[in-house]
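Structure, as structure tokens:
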Amino acid sequence: MFLKLLFIIPILAIINIILIPRLNEDKLKNTSLFWSIILIIYFSIILVMFNENKEFQFSLILNWFSNLDSVLNWGYLIFSIDGISLFFIGLSILLIPICIIMSWESIKHLKKEFLLCLYTIILLLIGVFTILDILGFYILFEAILIPMFLIIGIWGSREEKVKAAFYFFFYTLIGSLLMLISIFKIYSILGTTNYQNLLIIEIPSHLQFWLFLGFFASLSVKIPMIPVHIWLPQAHVEAPVAGSVLLAGILLKLGGYGFMRFSYTLFPIASEYFSPVIIIMSLIAIIYASFTTCRQTDIKRLIAYSSVSHMGLVTLAIFTHSYEGLIAALIMMIAHGLVSSGLFMCSAVLYVRHHSRTIKYLGVLTITMPIFSTITLILILANIGFPLTFNFIAEFFSILAAFNYSFIAGLISCVGTLLATVYALYFYNRVYFGAFSKYIIFSRELIQTEFQGFLPLILLTLILGIFPNFVFKFLLTSSFVNISL
């Protein structure tokens, strides 16, 4: 019943938005915010009732496909929540009202369709993080491409938005075809795509290698890993603020979630076998993306490349095959989702006021925008893993897992952390201190709604950094931890 309502609320929101007249923009905004708050309140109830001593909870079984029993043995679908999916769902739900608040003034046309895309994404994300079927996961995984493609292509901020939308769509779609082939092969051998059934069936070791590579091809594009990361900076630069927030905040995490939920547990032999290669790729991503970030002149592109570096730290932690690494990867994805979303919102605030994201055109914003400068500083410090932030916990465990795996891997990951400090402080110094810019005539401080958008991200980053045990107690009982270790 609890999980069913979690699906029903976004559906009701979509129906309600459809029925509102297009020209009544105030009602559209208030209604969309109302349903997003209802979602947050309902998720809070689920969080309170969640039993950290159990694995999958609040299960929902759909028997809508009973006529397919004789054809696919796929007559039912199971949706359920465990410790890992719980926080990804919460992060997804949290970002929806923030996207509405931060992007409402910048979206000048088709606001109704924009809201429908947002609620379609949240509905699909809830399905992705709760479904216990690999074929169902693939379908929902790919369905998210459609509303995200529309958000980038229609409401993007610059002329190359359509090109960026196609970059995003085709990179992720083509990469996922190998995953679909692997799923078909699993079904042809084992006769099921149910995740819980697959956990108790041992896949032949000689097939695990090929199946793992099929999943890896899809998930590495989604996260993304170098060299299939080209679509990410392009998509971020052209996307509206809501697109960037959703991409950085939650959509990049689908790759890491897939690695831990499926690749790690279903193909343990292949995962162990390929881990040295993946760790080398992750280390290259950390260093290469950090150096590339240092030379960026566009704020959004700088944040996008820093995301590639942080996601490299996630894959490094996952494939160290250690307890610390798994927990580090989970915490890093949650922490990065909070902080990177906030940083992209900062770039949107600057673009709205100065119509530019070029670093050299900005300067001395601490004088005219002190509150905004303070918020940005907190997010920058969190992004580089400053103590008392949630990112510090994540980076500490990631580097610890890297050192446990190999001294060289730990040393290189430390270099990546050092480079992150370099580009973050260089960016902040140039934009918020530096010399007076002749291109800036007037800078307006944050308005109330913008401040409200930043507030939950900063509070959660600081609170979880001081009290990380709140998250640990849920993650330590996640099904993938118990199965893998």
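The numbers here are math on the coordinates, done by the rules we state, and not lab data. Predicted model only: the values in this text are computed from it and were never measured. Note that we place each Cβ from the backbone using ideal geometry, even for glycine, and neighbour counts take in every protein chain shown.
Using the Cβ-Cβ distance between residue 295 and residue 472 with R0 set to 51 Å, the FRET efficiency works out to roughly 0.85. Pairs spanning more than 20 Å between alpha-carbon atoms, out of 111/161; 27/300; 27/112; 29/222: 27/300; 29/222.
DSSP loop trypsin sites (Lys or Arg not before Pro) in region 352-439 with at most 16 other Cβ atoms within 10 Å of their Cβ, which ones? Loop-located and lightly packed - 438.
Rounded to the nearest 10 degrees, the inclination of helix 299-318 to the longest alpha-carbon principal axis of the chain is 30 degrees.
Helices in the chain, meaning DSSP H runs of at least 4 residues, each add -39500 (n - 2.57). Divided by all residues, the mean residue ellipticity at 222 nm is -24000 deg cm²/dmol.
Quote to one decimal, in nm, the extra length available between residue 184 and residue 199 on full extension: 0.36 nm per residue of separation minus the C-alpha distance between them. List each step's numbers first, then the result.
Working: separation 15, 0.36 × 15 = 5.40 nm, distance 1.69 nm.
Going from the current span to full extension adds 3.7 nm.
Hey, quick one: spin label on residue 440, modelled 7 Å out along Cα-Cβ, who in region 372-387 has an amide N within reach, i.e. under 15 Å? 372-377, by backbone N distance to the label point. Taking trypsin sites (Lys or Arg not before Pro) across region 14-67, the ones in a DSSP loop with at most 15 further Cβ atoms lying within 10 angstrom of their Cβ are 22, 54.
Restricting things to alpha carbons, find the Rg to Rh ratio for region 2-484 using the Kirkwood radius for Rh. Provide the component values of the computation, followed by the final result.
Numbers: Rg = 21.6 Å, Rh = 22.7 Å.
Expressed as Rg/Rh, it is 0.95.
Annotation: extensible slack from residue 37 through residue 174 equals 45.7 nm (criterion: 0.36 nm per residue apart, minus Cα-Cα distance).
For region 238-326, run through the chymotrypsin sites (Phe, Trp or Tyr not before Pro) and keep only the ones in DSSP coil with at most 10 other Cβ atoms within 10 Å of their Cβ. Before the final figure, lay out the partial values.
Details: sites: 257, 259, 262, 264, 273, 274, 288, 291, 305, 319, 323; in loops: 319.
In loop regions of region 238-326 (DSSP not H, G, I, E or B), there are no sparsely surrounded chymotrypsin sites (Phe, Trp or Tyr not before Pro).
Model label points for residue 109 and residue 8, set 7 angstrom from Cα along the Cα-to-Cβ axis, are 3.9 nm apart. Rounded to the nearest whole Hz, the Karplus-based 3J(HN,Hα) values (6.51 cos²θ - 1.76 cosθ + 1.60, θ = phi - 60°) of region 266-283 follow the sequence 7, 10, x, 5, 5, 4, 5, 5, 8, 4, x, 5, 5, 5, 4, 4, 5, 5, with x at glycine and proline. Label-to-label distance for residue 269 and residue 53 is 3.8 nm, based on points extended 7 Å past Cα in the beta-carbon direction.
Per-residue extension of 0.36 nm, minus the Cα-Cα distance of residue 448 and residue 421, leaves a gain of 6.7 nm for this segment. In this structure the amide hydrogen of residue 131, modeled in the peptide plane, comes within under 5 Å of the amide hydrogens of 80, none closer than 5 places in sequence on its chain.
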